[in-house]
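Encoded as structure tokens, the structure appears first; notes follow it.
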Amino acid sequence: MFFTTNDPFSKNTKRHNYIIAFLAGILTGIAWWIIIDILVRSMNNLFSRFYILPGIAITLVIIILHFIPNSTVQDEIHLINSFDNSIKCARLFLFLIFLIIFSAVIASIWIFIVDSMITNNLQKKSNYVQWFGIGNLISTILLALASLLSRFGRKDDY
């Protein structure tokens with residue numbers, strides 16, 4: 001039953017992976033929609049273009065994150081018996097990727113607090129301009145959630 005083409009478990013795994021990929025794509029699309037909205041509405045003296053760098057960093061890291069398969073990171077047997085350091089490198093690379101993701105979220109929170117909340121510029125204190133900081137924060141958090149969802153939500157067929 002488990003080795004036939006009509007295996008119900010493989011169909012459920014495939015469907016699950018499609019749903020997770022769809023949700024991660026929706027979150028990424030919404031995040032980039034917010035970033036583009038901020039860039040279109042803002043002027044350079046009210047919202048610097050460098051403030052979207054955390055979102056760009058997370059997007060690039062999401063692309064890199066998809067090149068590391070789950071089986072490479074979870075393989076315990078080859079980690080002990082192998083002279084190959086590819087598993088250790090994959091785990092280190094995965095750690096650095098998540099370090100970049102969470103650092104970008106912290107940077108986005110910092111940008112929001114410093115530029116939108118603690119400012120003496122009365123023009124930046126208006127509700128319209130505070131959307132730039134809030135939108136940047138929301139887009140960065142959505143991208144981080146999409147990366148976590150796409151990494152830990154997928155299942156591999158063994």
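The values are calculated or read from the model by the stated rules, or taken from the named source; none is laboratory data. All values reported here derive from a predicted model rather than from experimental measurement. Please note: Cβ atoms are built from the backbone with ideal geometry, for glycine as well, and neighbour counts cover all protein chains shown. The accessibility values were calculated without ligands, DNA or RNA, using every heavy atom of the protein model including side chains. Shrake-Rupley method; radii C 1.70, N 1.55, O 1.52, S 1.80 Å.
Extension gain for Ser48-Phe93 works out to 13.1 nm (0.36 nm per residue, less the C-alpha to C-alpha distance). With all protein chains in place and a 1.4 Å probe, the accessible surface of segment 24-63 carries 78 percent carbon and sulfur.
Can you compute the FRET efficiency between Met117 and Thr13 using 1/(1 + (r/R0)^6), with r the Cβ-Cβ distance and R0 = 30 Å? Round to the nearest 0.05. About 0.10, to the nearest 0.05. Among Tyr18, Tyr51, the order of accessible area from largest down is Tyr18, Tyr51, computed with a 1.4 Å probe on protein heavy atoms. Projected onto its three principal axes, the C-alpha set of segment 20-79 covers 56, 23, 11 Å, listed from the longest axis down.
Each peptide in 135-144, 64-73 gets a packing score, the mean of other Cβ atoms within 10 Å over its residues, and the list from highest to lowest is 135-144, 64-73.
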